[in-house]
Amino acid sequence: MRLFAIYATSITCGFCLMALEILGARFLYPSFGSSIDVWAAIITVFILSLSIGYVIGGRIADRSSDNRALAWIVLGAGVLYLTLPIYALSAAEGLGDSGLGQLRFGVLVAGLVLFLLPSLLLGMVSPILVKLAFISAERVGTTTGTLYAVGSVGNVLGILVTDYVLLEHVPLNANLLWMGCVLAVTGVLHLALRLRPASPAAPAQPAAGA
């Protein structure tokens, strides 16, 4: 049950993260177009947010003994997804009309304003999951590698499903709303389900007189 919850959280957050990257281009398109500069800006924002999120998440993991911090992080990301439809398009249009739309780096500023915080929160998830999935020092490589592989499956699904299915059949804002609900529910479930890292087995004691 513990590993199932950890892997399910990793896939869910990975899916929503990459889905936001694809959806983000649609929010920026009316004001900034769809040039290579737009995609360079989006990729930069998400890689930057992940880098910062990994560092912060790692520090939180070191100070956490269970999944309560993870719960609030995922819940917070869900709330941000739910609020993005309220202001994302109008904010992008406002930034474009302010003159940033005429500057090559303007789309980077818009991407940072709109997508840095939610993607940063989801970037904080993986280090905490690694701590929760930890079994023993001898298996830390396997545990970490498996967890990141599972998260990458979520990333791939987020890209492909969003591009080939969701954008074809579901309105832009509705996509963010249902993802926000899924993240919020995931956070609430983690508040209800207390998870702790597995206790490593104690080393064998040498026999008396050895």
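We did not get these values from a lab; they are worked out from the coordinates using the rules stated. Predicted model only: the values in this text are computed from it and were never measured. Here Cβ is always computed from backbone atoms with ideal geometry, including for glycine, and neighbour counts include all displayed protein chains.
Things to note:
- Rounded to the nearest 20 debye, dipole of region 1-92 from Cβ charges on Lys, Arg, Asp, Glu: 220
- Mean residue ellipticity (222 nm) of the chain, computed from DSSP H runs ≥ 4 via -39,500 (n - 2.57), nearest 500: -26500 deg cm²/dmol
- Selected from Gly151, Gly106, Gly187 as most flexible by GNM, with the chain as the system and alpha-carbon contacts under 10 Å: Gly106
- Here's the picture: a label point sits 7 Å out from the Cα of Leu172 along the beta-carbon direction, and within region 78-96 the residues with their amide nitrogen under 17 Å of it are 81-96.
- Inverting the pair-averaged 1/r between distinct Cα atoms of the chain gives 18.1 Å as its Kirkwood hydrodynamic radius.
- Rg(Cα)/(2.2 N^0.38 Å) for region 138-180, N = residue count: 1.61
- The charge dipole of the chain, taken about its Cα centre with unit charges on the Cβ atoms of Lys, Arg (+1), Asp and Glu (-1) only, comes to about 720 debye.
- For the pair region 75-145 / region 39-54, the C-alpha centres are spaced 8 Å from each other.
- For the residues Phe105, Phe15, Phe134, a GNM of the chain with alpha-carbon springs under 10 Å puts the largest fluctuation on Phe105.
- Tyr7, Tyr54 arranged by Cβ crowding within 10 Å, fewest neighbours leading: Tyr54, Tyr7
- For the chain, with +1 on Lys and Arg beta carbons and -1 on Asp and Glu, the positive-most of Gly78, Ala8, Val170 along the dipole: Ala8
- Considering only Gly14, Gly180, Gly141, the mean-square fluctuation computed in a Gaussian network model of the chain, springs between alpha carbons under 10 angstrom, is largest for Gly141.
- The ranking of Val38, Val125, Val188 from fewest to most other beta carbons within 10 Å of each one's beta carbon is Val188, Val38, Val125.
- Modelled FRET efficiency - R0 41 Å, Asp97 with Ser152, Cβ distances, 0.05 increments: 0.60
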